[in-house]
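In what follows, a structure is listed as structure tokens, so that the remarks can point back to it.
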Amino acid sequence: MFLAALIDAGLSLDDLKSKLATLKLPDTWDINVEKVMKGAIQATSLGISIQNHVDTHHRHPQDIHDMIQGSGLSEKICKTSYAIFDLLAEAEAKVHGTTIEHVHFHEVGAVDSILDI
């Protein structure tokens, strides 16, 4: 929903795709956007489709940090992304009674989740 809101606020879909492509994810992906009606309100629906799926989904927080660090995303976007994944890692560690170093993300480590965050 956040990415769709950014597009509604004026972010170009092409700019979004080109920035996210710098993450060099292992799968081929695409973002599809369409205008929909939710009752009497027009909204933007955004979906991420994944082709040639080779992703394992099981990534450690450091794997995701490395992807972000090696991207062409701005420093501000990288810092925000790190902070989000760090919070998720802390929550996972707490729930599973382990340390952040031993956390591995399942769904959060999937390509569509990484692109969304």
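The values are calculated or read from the model by the stated rules, or taken from the named source; none is laboratory data. Since the model is a prediction, treat every value here as computed from it, not as a measurement. So basically every Cβ, Gly included, is an ideal-geometry build from the backbone, and we count neighbours across all protein chains shown. What goes into the accessible areas is simple: the full protein's heavy atoms, side chains included, and nothing from ligands, DNA or RNA. Shrake-Rupley method; radii C 1.70, N 1.55, O 1.52, S 1.80 Å.
Residue count for the range 81-117, restricted to those that are over 9 Å from the mean Cα position of the chain (by Cα), surrounded by fewer than 18 Cβ atoms within 10 Å (Cβ to Cβ) and part of a helix (DSSP H, G or I): 15. Within the range 1-29, the residues that satisfy the criterion of being closer than 19 Å to Glu75 by Cα and open to solvent by 70 Å² or more (accessible area, probe 1.4 Å) are Asp15, Lys19, Lys24. Only one of the numbered conditions (1) within 18 Å of Met1 (Cα to Cα); (2) part of a helix (DSSP H, G or I); (3) open to solvent by 40 Å² or more (accessible area, probe 1.4 Å) is violated by Lys76, and that is (1).
Taken over the range 86-113, the criterion of being at pLDDT below 90 and over 15 Å from Asp63 (Cα atoms) is satisfied by Asp112 alone.
Restricting Asp30, Asp116, Asp15 to residues that are touching a strand residue (DSSP E or B) at 6+ places or on another chain (Cβ under 9 Å) and modelled with pLDDT of 90 or more narrows the list to Asp30.
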